[in-house]
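Below you'll find the structure, written out as structure tokens, and then a few comments.
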Amino acid sequence: MESKRALSRRQILKLLGLGTAQAAVLAACGGAPAQQAQPAAGGQPAASGGGSGKLEIFSWWTSGGEVEALNALYDIYKKKYPSVEIVNAALAGGAGAGGNMKAVLKTRMLGNDPPDSFQVHLGHELIDSHVTPGRMEPLDELYGSEKWNDVFPKQLIEIASYQGKPYSVPVNIHRSNVLWYHKGLFSQAGVDKPPATWDEFFAAADKLKAKNIPALAIAEKDPGFTGHVFENILLATLGPDGYRGLYNGTTKWDDPKVTEALNTLKKALDYANPNYLSVSWGDVNDLIVAGKVAMMIMGDWTNGLLKSKKFNDYGWAPAPGTSGVFMALSDSFGLPKGAKDRDNVINWLKICGSKDGQDAFNPLKGSIPGRTDADLSKYDDYQKGAIADFKSNQITPSVVHGAAAKESFMTDYANVLNIMAAKKNPDEVQTKLVQAATDANFAA
Ligand code: GAL
């Protein structure tokens, strides 16, 4: 079955946190970068050779679901180019999403020793961290030769673009505002449905507590996970417009609703697995699988992960208070200037953007494809719902996953929420968030 997903301009702009004005700036090739991106010495990616040598790929995909999905892309590559040695330089852990990988990546990029290609979130993370400093090759010729302008929504390409040229190839769209729950634990505690609001969450949490079951999985060994949960509480408390306003300057970070959201988080932390400061993001899913915690607010890579662990006793719902909203992010790959195996990278990008590649990768990853011509029969019930929701819901950008704001703010935000997890001190934390937002200079 073929599905045509028409994304409105508004949806796509909101997906990556860009306002119409910013998009117009991009489209009109305006906006002076600190340092202008220059075409690589070799010019645009053209018809490639490849077929020998290496292909080094950076990602932080080391968990169940992630590994299988990445391998599905590698398998297609290996069949086409059996003599190329794929160097899978995946690195887990660190602060925020992919913190360890991003640290190594930064060193390599700054040292003019880039990996051949690397996982990067579409939007601010791609553009601000890599494109405007002039470290990526434009991919407009590749988009042309692969006819991607016909199959990726125009506005999605626009968001992958800087000064009118695309700089990466989106492999997916993930939803980050999902509540995953253990059905067996819900039955044990007499919770008959997933909580639709934070009030319902706390009512369910009390029932679970009466059975000595922590309600909420948290993994805050490194900064990041609590920030993910908090962006969901912010969305629930402020609504989509108020939430977007945090990143375009129209909602102030000292707003009483932000205080309210911090207090909700503080209360929720009291229902978390008590050891959460020593649990890592990569291990937290096992608490759900083992029936030790009842709920987790996390992105839909969790769907891929739980399936890979052959765990079936789970359900899902929008995170409390976020029904009708799709908090989105997109993983992509690009071509760094000076990539050692440039022809092999171009072949890699072709597979990332192909229908076969996307329909092999996404069913395992838990995400939905970026392309509009996916074969829906390959996707599970969760994903079919997500594809439908993406068409009908309001779209908001995730901050922890690179879409809403530049990386320096994301890092500050994750670190501040890590303090919140440790000290549960909303006043101090809100002051620090205001400072981080001032430093990031979100303009109205
Ligand atoms: C996100 C990334 C997803 C998934 C997740 C957890 O930032 O976009 O693809 O990998 O982190 O690792």
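Within the stretch 321-328, one or more residues are in a loop (DSSP other than H, G, I, E, B) and on the phi > 0 side of the Ramachandran plot. Of all residues in the stretch 126-135, those satisfying the criterion of being part of a helix (DSSP H, G or I) and open to solvent by 10 Å² or more (accessible area, probe 1.4 Å) are ILE127, ASP128, SER129, HIS130. Scanning the stretch 254-264 for residues that are open to solvent by 10 Å² or more (accessible area, probe 1.4 Å) and touching a residue at least 40 places away in the same chain (Cβ under 8 Å) yields ASP254, THR259, ASN263, THR264. List the pairs whose first member sits in the stretch 79-104 and is on the phi > 0 side of the Ramachandran plot, whose second member is assigned to a loop (DSSP other than H, G, I, E, B) and of a type in the set (A, V, I, L, M), and whose Cβ atoms are under 7 Å apart, counting only residues at least 6 apart or on separate chains? Close Cβ pairs satisfying both conditions: GLY96/VAL400. Inclusion of TYR167 among residues that are among the aromatic types (Phe, Trp, Tyr) and assigned by TED's automatic domain parsing to the domain that holds PRO223 is not warranted.
Of everything in the stretch 95-118 that is out of contact with any Phe, Trp or Tyr (no Cβ under 8 Å at 6 or more places or on another chain) and not in a helix (DSSP H, G or I), the residue that is most open to solvent (accessible area, probe 1.4 Å) is ASN112. Scanning the stretch 335-353 for residues that are more than 16 Å from ASN71 (Cβ to Cβ) and either without any contact (Cβ under 8 Å) to a residue 60 or more places away in the chain or not aliphatic (A, V, I, L, M) (or both) gives PRO336, LYS337, GLY338, LYS340, ASP341, ARG342, ASP343, ASN344, ASN347, LYS350, GLY353. In the stretch 141-162, how many residues are open to solvent by less than 50 Å² (accessible area, probe 1.4 Å) and over 12 Å from ARG371 (Cβ atoms)? Adding up the residues that qualify gives 9. Quick check: anything in the stretch 365-373 open to solvent by less than 30 Å² (accessible area, probe 1.4 Å), part of a strand (DSSP E or B) and within 16 Å of the ligand (Cβ to nearest atom)? Checking the stretch 365-373: at least one residue is open to solvent by less than 30 Å² (accessible area, probe 1.4 Å), part of a strand (DSSP E or B) and within 16 Å of the ligand (Cβ to nearest atom).
Is there a residue in the stretch 207-216 that is more than 27 Å from GLY282 (Cα to Cα), at pLDDT 95 or above and outside the structural domain of ASP359 (by TED's automatic domain parsing)? Among the residues of the stretch 207-216, at least one is more than 27 Å from GLY282 (Cα to Cα), at pLDDT 95 or above and outside the structural domain of ASP359 (by TED's automatic domain parsing), which makes the answer yes. Kindly check whether there is at least one residue in the stretch 176-186 that is assigned to a strand (DSSP E or B), buried (at least 24 other Cβ atoms within 10 Å of the Cβ) and within 16 Å of the ligand (Cβ to nearest atom). Within the stretch 176-186, one or more residues are assigned to a strand (DSSP E or B), buried (at least 24 other Cβ atoms within 10 Å of the Cβ) and within 16 Å of the ligand (Cβ to nearest atom).
Look at LYS310 and say whether it is modelled with pLDDT of 95 or more and not in a helix (DSSP H, G or I). So LYS310 passes the test. Right, GLY299: within 12 Å of the ligand (Cβ to nearest atom), at pLDDT below 95 and open to solvent by less than 60 Å² (accessible area, probe 1.4 Å) or not? No: the conditions fail for GLY299. Only residues that are in contact with a Lys or Arg (Cβ under 8 Å, 6 or more places away or on another chain) and either within 10 Å of the ligand (Cβ to nearest atom) or open to solvent by 50 Å² or more (accessible area, probe 1.4 Å) (or both) were counted across the stretch 85-94, and they come to 1. Restricting to the stretch 393-440, name every residue that is more than 16 Å from the ligand (Cβ to nearest atom), of a type in the set (S, T, N, Q) and closer than 27 Å to GLN119 by Cβ. Those that are more than 16 Å from the ligand (Cβ to nearest atom), of a type in the set (S, T, N, Q) and closer than 27 Å to GLN119 by Cβ: ASN393, GLN394, SER408, ASN415, ASN418.
Looking for something of a type in the set (Asp, Glu), more than 29 Å from ASP356 (Cβ to Cβ) and more than 23 Å from the chain's Cα centre (by Cα) - is there at least one such residue anywhere in the stretch 76-95? Checking the stretch 76-95: not a single residue is of a type in the set (Asp, Glu), more than 29 Å from ASP356 (Cβ to Cβ) and more than 23 Å from the chain's Cα centre (by Cα).
Conditions tested, residue by residue: (1) open to solvent by less than 20 Å² (accessible area, probe 1.4 Å); (2) charged (D, E, K, R).
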| site | (1), (2) |
| --- | --- |
| GLN383 | yes, no |
| THR396 | yes, no |
| VAL399 | yes, no |
| LYS406 | no, yes |
| ALA422 | no, no |
| ASN425 | no, no |
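Results for (1) surrounded by 18 or more Cβ atoms within 10 Å (Cβ to Cβ); (2) within 25 Å of PHE326 (Cα to Cα), shown as yes or no for each residue.
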{"residue": "LYS211", "(1), (2)": "no, no"}
{"residue": "ILE218", "(1), (2)": "yes, yes"}
{"residue": "GLU231", "(1), (2)": "yes, yes"}
{"residue": "ASP241", "(1), (2)": "no, yes"}
{"residue": "TRP281", "(1), (2)": "yes, yes"}
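The values are calculated or read from the model by the stated rules, or taken from the named source; none is laboratory data. Quantities reported herein were computed from a predicted structural model and do not represent experimental measurements. Ideal geometry is used to build each Cβ from the backbone, glycine not excepted, and the neighbour counts take in all protein chains shown. Surface accessibility is based on the protein's heavy atoms, side chains included, excluding ligands, DNA and RNA. Shrake-Rupley method; radii C 1.70, N 1.55, O 1.52, S 1.80 Å.
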